[in-house]
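Working notes for the structure below.
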């Protein structure tokens, strides 16, 4: 029995698709092309899942105003209904209004990104919708990193757009660009200050930067050993005070930490520390890391994380690889029988076995509850 749960990453899907399509070199396509093709195939599969069973990704939000501006995350609405709560109560579905009954009870109207429902201020109304699928990324050159034999000193940047990042040790400011690892690990306060000093805009982000990168309850703590800004991202490396394990990642514009795991596809945690960081959406390259799992060798990689593909059914990954391989073989102007056969088999397995509910007939969801006339 294996001691780990085998899982797939986006780079696995891309490599498997290239092997199936008999693409001889991993650099046959650019990073931006691979990223686009990967997300096109994933988005089509995501939309098909929503058609088969919207419960995999569907979510509810409450309507509190007559006119609601739908957020960008709403891809497709599924139901507008009234109920005391989405769980544990019967739902009374609302119908799409026409031009003459927009303000009538029991109706709603969606036009573009605006939803109008007259009953939203009188009853507990809910919108059940499928959110837009998140993008998936892969780390460029994580299978064949560019090796640097010479030693490279850490390069840090403290300019963050219109702001500048400052670090303090017991109210003593330190220079982030020249500070040592020990000094960074002992920083007690992090803040960003507007570069126009007359505005006097200072934001304390100590809790954001010093927050634990992993949700663990082990002894010890995660200490910051590298920080560098490249707007709109802040790249950070942590070292555990006991295990000396390293976790790296970056804060995005929402101050959410994204773990950088370029070598997690081998089944182990990526034990890396940033040395130099820049992002590039076109080439995908941009970071130099020290890999502590490989004799502390310096490796140049892409800056984007490798997304873990946690799908509700294994048939999804197989279908994704087949769709992607079909696209790559078509771009190479080759008709490979193995790709076509796998695509047919993967699509059949996906369509036949994705739906969990095989224990009941499918019925039409009635907009109106049954009346006495339905029983007569």
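What follows draws every value from the coordinates through simple rules; no lab data is involved. None of these values were measured; they are calculated from a predicted model. Here the Cβ is made from the backbone with ideal geometry for all residues, glycine too, and neighbour counts use every protein chain on show.
Length available on full extension from residue 59 to residue 135: 0.36 nm per residue minus the Cα-Cα distance, which gives 25.5 nm. The range 254-329 to the range 64-80: how many Å between their Cα centroids? After rounding, the separation between the Cα centres reads 34 Å. Rounded to the nearest 10 degrees, the inclination of helix 314-331 to the longest alpha-carbon principal axis of the chain is 80 degrees. The calculated FRET efficiency for residue 87 paired with residue 7, based on their beta-carbon distance and R0 = 35 Å, is about 0.75.
Peptides 44-50, 307-313, 66-72 ranked from most to least packed, by the mean per-residue count of other Cβ atoms within 10 Å: 44-50, 307-313, 66-72. Paramagnetic label reach from residue 32 (point 7 Å along Cα→Cβ; backbone nitrogen cut-off under 20 Å): within the range 273-287, residues 278-287.
When each of 34, 191 is scored by the number of other beta-carbon atoms lying within 10 Å, the sequence from fewest to most is 191, 34.
I'd like the orientation of helix 337-353 relative to the chain: the angle between its Cα long axis and the longest Cα principal axis, in ° from 0 to 90, rounded to 10. Taking Cα atoms only, the helix is inclined about 60 degrees. For residue 144 and residue 104, the FRET efficiency from 1/(1 + (r/R0)^6), where r spans their Cβ atoms and R0 equals 41 Å, is about 0.05.
Each of the peptides 161-167, 297-303 was scored by the mean count of other Cβ atoms within 10 Å over its residues; in descending order, highest first, they stand as 297-303, 161-167.
A Gaussian network model of the chain, with springs between Cα atoms under 10 Å, assigns the largest mean-square fluctuation among 358, 341, 276 to 358. In the chain, the calculated helix contribution to ellipticity at 222 nm averages -6500 deg cm²/dmol per residue, counting -39,500 (n - 2.57) for every DSSP H run with n ≥ 4. Projected label points at residue 70 and residue 241, each 7 Å from Cα along the beta carbon direction, are separated by 5.0 nanometres.
If we count other beta carbons within 10 Å of each Cβ, what is the order of 170, 16, fewest first?
170, 16
Candidate values [x] 1.23; [y] 0.92; [z] 1.02 were compared with Cα Rg over 2.2 N^0.38 Å computed on the shown model; the agreeing label is [x]. DSSP assigns beta bridges within the range 58-131; of those with both partners inside it, close to 90 percent run antiparallel. Sorted on the mean count of surrounding Cβ atoms within 10 Å across their residues, most packed first, peptides 247-260, 87-100 read 247-260, 87-100.
Extents of the range 240-324, largest first, come to 40, 31, 27 Å (Cα atoms, principal axes, whole angstrom).
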